[in-house]
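Asker: Take this structure, written in structure tokens, and hold onto it; I'll ask about it next.
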Amino acid sequence: MKTAIAAVATVVIILMGSVATRAQAPSGYEAEPVLNAKDLATAELLKGPHFTVDPKVPVRGFIERFTIRSAYGTFQANGLRMLPIRVNEVEALAKLDDRSKPKEFAEASGRAIARPVTSTVNMLVHPVDTITVLPDGVGRLFGRIELGTQRVFQAATAPGASGGQRAEEASKRVGMATITALGFEKERRDLAKSLGVDPYTTNVVLSEKLTDTAWVSFSGRFLVQTATSILVPYSMAMSAVTITNSTVYDTPPADLVNNATRIFGTTGATEAQVQALVQNPQYSLTTLTELALGIQRLQGVPGRDAVVIFAAAARTQDECRFVAGAINMLARYHEAVAPIAQVSAPGPVLGRTAGGALVLAAPVDYVAWLARVGIAANRPDLQAPEKVSFVSGRLTPLAQKELTKRGWKIFESFTTAASH
């Protein structure tokens, strides 16, 4: 009995991020900690009229994992940049809930015809639940992962599918509901725009609510757009962090897919390799569009085909966002600091300048001095006379010290935004 109690106590201590957690790290290294939410985000992002954020934030795979609790469900925000987006989604749900209560909306619902097609949300990824599968975050992408030949073969041999048909199928993305009615899909995008949320959100609860409300507006002739035209509190988070332009609001989904396919095709990747990326269900159309934008910002730089192949191997939403973020960080360096002469992948995405400097972009929250970081820092392929790493978040003092000792110049809080 005493042994069992001791074991339980040990588990509790580990989960609370105490000193016992750090003791498990190999000698000379750190362990990823559990941080305090109040030290990471402003008070209004941690508690509002419709949500609260758990006070403890574990770091796994270099990503801070926030848990948001609300009347609409429990939501996971994987990464500090995702926190305002997920909080804004809760506020959008509250706004949509308020707009569905008036008598006029109920009457419009009665007039609305039945939906011809049910939601095609991909349930392989379900952000309203705390993610326990593949908890390593994006650490895998620092290794030399490859795109499996089976996926390339399947993409190349899609039976009887034309380019347009494959684009239409690929547009049925994570978080996207497709209804075969002329004009409805634009109605839904416009509604998302009025709320300042991603029309291709991976939040299944919000995706369904957008679909239901837009359908009433579309077929029941109810002006939901007017009722929700005022931005909800954190809606600017979308335009500032995730959606770099209005393309995802103003462009039909099949056109987004076709445009991304065209951009990926200019890299020199084969059609099958491009289709393996475009058909990867873990990419929302927004993330796919961001990745295409980053590739386009590096137009003419050799090695972008390797990035396409590497991106196609992503198997979680975290990894998809990482690749899109990394390529856009390199693009920003290319535009604002020094031209990138070569990019390479797999694992991780790297840039090299004409002067031979190695540039590593890391869109991550928190880098501790882990054993695997130490191993990576000594890899032969990560050596150069000048080594620069741009991190969107921060490093621990020990990680900063050890990487500097190994010749790395580290810059924190580097964003993915365009320089203009």
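The values are calculated or read from the model by the stated rules, or taken from the named source; none is laboratory data. Just so it is clear, the structure is predicted and the values come from calculations on it, not from any experiment. Glycine gets a Cβ as well: all are built from the backbone with ideal geometry, and neighbour counts include every protein chain shown. We work out accessible area using only protein heavy atoms, side chains counted, and drop any ligands, DNA or RNA first. Shrake-Rupley method; radii C 1.70, N 1.55, O 1.52, S 1.80 Å.
Asker: Run down the aspartates and glutamates and flag those whose C-alpha is under 15 Å from the C-alpha of Lys405, throwing out any fewer than 8 positions away in its chain.
Answerer: The reachable aspartates and glutamates, counting only those whose Cα sits under 15 Å from Lys405, are Glu386.
Asker: What ranking do 265-272, 283-290, 194-201 get when scored by the average of other Cβ atoms within 10 Å per residue, highest first?
Answerer: The peptides rank, most packed first, as 283-290, 194-201, 265-272.
Asker: Further question on the same structure: Using Cα pairs under 8 angstrom and six or more residues apart, how large is the relative contact order of region 241-387, in percent?
Answerer: 19
Asker: P(r) for region 328-400: what percent of alpha-carbon pairs falls in each 10 Å bin, starting at zero?
Answerer: It works out to 18, 52, 28, 1, in whole percents.
Asker: Can you give the charge dipole size of region 279-420 about its Cα centre, rounded to the nearest 20 debye, using +1 on the beta carbon of Lys and Arg and -1 on the beta carbon of Asp and Glu?
Answerer: Working: 14 positive and 10 negative charges, 68 e Å.
In total the dipole reaches around 320 debye.
Asker: Heads up, I need the accessible area for Leu80: 1.4 angstrom probe, whole protein in place, Å², nearest 10.
Answerer: In the full protein context, Leu80 sits at about 60 Å².
Asker: Can you compute 3J(HN,Hα) from phi for each residue in region 394-405, using the Karplus curve 6.51 cos²θ - 1.76 cosθ + 1.60 with θ = phi - 60°, rounded to whole Hz and x for Gly and Pro?
Answerer: These are the phi-based 3J(HN,Hα) values: 9, 10, 6, x, 5, 5, 4, 5, 5, 5, 4, 4 Hz.
Asker: For region 303-382, which whole-number percentage of the solvent-accessible area (1.4 Å probe, protein heavy atoms only) is attributable to carbon and sulfur atoms?
Answerer: 58
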